[in-house]
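Visitor: Following this message is one structure expressed as structure tokens.
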Amino acid sequence: MSTTEKISFKEKIGYSLGDLAANLIFQTLMTFLAFFYTDVYKIPPSSASAIIFAGGMVGAFFTPIMGMIADRTKTRWGKFRPWILWTSVPFGVIAILAFSTPDFSPGGKVAYAMITYILLVVVYAANNLPYSALSGVITGNMSDRNSISSYRFTGVMIAQFVVQALLLPLVLILGDGDRAAGFEVVIGIFAGVGVIFFLITFFSTKERIIPTKEQTSSLKQDLSDLAKNKPWIVMIVLTTFIFITLALKGGVYVYYFENYLNEAQLSTFLTDIGFNGFINNVDRFFESLGFIGFHWPNDAPTSGFSLFNGSGIILMIAGIAISKGLADKFGKRDVFMVGLIGAMITQFLFLFIPADGISFVFLLQLFHGFSYGLTIPLLWAMIADVADYSEWKNNRRATAIVFSAMAFGLKVGLSMGGTILAGLLALYGYNEQLDVQPDVAIQGIKLTMSVYPALTFLVGLVSLFFYKINKSMEVQIEQDLLNRRKNNKED
């Protein structure tokens, strides 16, 4: 089958639904896991930090193992697609368990949270690593790969919007004010939708790049190839620090709105811009349909948090929309660097916004969302390029192990980001039992919103200066591999 066959709109949509499904859970972990453990399940921040770190490390070290397994999987469906099928239902079931709140003793809660989180990150690796590697074998065409990545991360943004803008209000609505009950209902809905979308991905995609029958490589050879692959080393550093940042800043947003921003000023802002009036109309609309109990939560922090995330995501989607065109013209690396600079600067500027500077909070979020949106489709497309680079240099293709190394960085970053967040909350004296936090805890939340994520973004930016796959090398690799595969086919 041709490695440059034009990929249909249907297949791009089908592939993107897999990431939408996974990210309904992944974005919940990144945004709400620390909050769920501390403020919903009432686990102390220090214990939550230990759970997130230990569980994340288990998932991280399982990921390369999963890559080795996936690269050596042989079925009539291919190497990677079967794993999406096999893990779809377990993923949904374990997600529901991980966000349930059984009434155990304090020690029992910690144990239950640890076990369910470890199971969740393991099944996530078994599902998402093959899914990510699939993007590297759907097509060998660089432009089409950029396009697939844009579709994929539009799906991610839809999931991110649902989670970050709507999850907390839905938790309160569907749980009738009980956050614990609401989380169980909402995650149950996410799990059901996710299973359906995973199945659509499985049935709508194809694996087109298949290693030649003559290719033989041992695990030792695969690891040796990776160790000599400098772009791979850069990408694992970049991926790790990007996801440290995403978990750190994404997780602190809910604390920032509930504990730092002036609630009265936030309520006035929401009224002045028409948001509260809009929500009242939405409530009346649902009442007219017979949903009498469906009312948006009245507290300003919940509404502000949802609008903040939603507006940022809309601008992220705008960034995603133009990212492919810019990457086709200037190369993925250079566009990524520009976007990351903008995201880093805007994140740092939150340090200077006072508690009553509500309009500046939202304005910064718009600029931040657009800047970071430019980078979103490029990360995994660059990793696929690294797999091509490895094949180009070594005449051997090991797609999943390249992707598994990146997924390892993702898991380590997610784990470290969540751990750092919970650890900083504990360090600055955050107490989940208090309605009003001490000043030192609020200052810690402000720093975690601004300085700390800006520093981790900076490390990722510096690493890109050592990534040598620029636009001209992308073109060279693509053409050389195309000619090589054509010659192999003729032979």
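The values are calculated or read from the model by the stated rules, or taken from the named source; none is laboratory data. Computed from a predicted structure; not experimentally measured. Methodologically, a virtual Cβ is constructed for each residue, glycine included, from the backbone with ideal geometry; neighbour enumeration extends over all protein chains shown.
Listed here are the residues, each with its yes/no results for (1) touching a His at 6+ places or on another chain (Cβ under 7 Å); (2) of a type outside the set (Phe, Trp, Tyr); (3) modelled with pLDDT of 90 or more; (4) assigned to a helix (DSSP H, G or I).
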position	(1), (2), (3), (4)
Ile7	no, yes, no, no
Ile13	no, yes, yes, yes
Leu17	no, yes, yes, yes
Ala22	no, yes, yes, yes
Thr28	no, yes, yes, yes
Thr31	no, yes, no, yes
Ile51	no, yes, yes, yes
Ile65	no, yes, no, yes
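Visitor: A further question follows. Among the residues of region 86-100, is any surrounded by 20 or more Cβ atoms within 10 Å (Cβ to Cβ), aromatic (Phe, Trp, Tyr) and modelled with pLDDT under 90?
Guide: Scanning region 86-100 turns up no residue that is surrounded by 20 or more Cβ atoms within 10 Å (Cβ to Cβ), aromatic (Phe, Trp, Tyr) and modelled with pLDDT under 90.
Visitor: Mind checking whether some residue in region 82-99 is out of contact with any Leu (no Cβ under 6 Å at 6 or more places or on another chain), more than 14 Å from Ala22 (Cβ to Cβ), among the small types (Gly, Ala, Ser) and in a helix (DSSP H, G or I)?
Guide: Scanning region 82-99, I find no residue that is out of contact with any Leu (no Cβ under 6 Å at 6 or more places or on another chain), more than 14 Å from Ala22 (Cβ to Cβ), among the small types (Gly, Ala, Ser) and in a helix (DSSP H, G or I), so the answer is no.
Visitor: Let me ask something else about it. Take the conditions closer than 20 Å to Val186 by Cβ and buried (at least 22 other Cβ atoms within 10 Å of the Cβ) and apply them to Tyr112. Does it pass? Don't jump to the end; show me each part of the working.
Guide: Values: closer than 20 Å to Val186 by Cβ: yes; buried (at least 22 other Cβ atoms within 10 Å of the Cβ): no.
Answer is no for this residue.
Visitor: Take Leu129 and decide whether it is more than 23 Å from Gly417 (Cα to Cα), in contact with a Gly (Cβ under 7 Å, 6 or more places away or on another chain) and surrounded by 19 or more Cβ atoms within 10 Å (Cβ to Cβ).
Guide: Spelling it out, it is not the case that Leu129 is more than 23 Å from Gly417 (Cα to Cα), in contact with a Gly (Cβ under 7 Å, 6 or more places away or on another chain) and surrounded by 19 or more Cβ atoms within 10 Å (Cβ to Cβ).
Visitor: Something else: Checking Ile118 against (1) surrounded by 23 or more Cβ atoms within 10 Å (Cβ to Cβ); (2) modelled with pLDDT of 90 or more; (3) aliphatic (A, V, I, L, M), which test does it fail?
Guide: (1)
Visitor: Pairs under 7 Å by beta carbon, first residue free of Cβ contacts under 8 Å to residues at least 60 places away in the same chain in region 156-174, partner among the aromatic types (Phe, Trp, Tyr) and surrounded by 20 or more Cβ atoms within 10 Å (Cβ to Cβ), six or more apart or different chains?
Guide: Val171/Phe183
Visitor: Which ones in region 140-179 are outside any helix (DSSP H, G or I), within 28 Å of Asp385 (Cβ to Cβ) and touching a helix residue (DSSP H, G or I) at 6+ places or on another chain (Cβ under 7 Å)?
Guide: Gly140
Visitor: Further, regarding this structure: Go over the candidates Phe80, Phe35 one by one and state the one that is out of contact with any Asp or Glu (no Cβ under 7 Å at 6 or more places or on another chain) and either within 25 Å of Thr419 (Cα to Cα) or hydrophobic (A, V, I, L, M, F, W, C) (or both).
Guide: Matching residue, one of Phe80, Phe35: Phe35.
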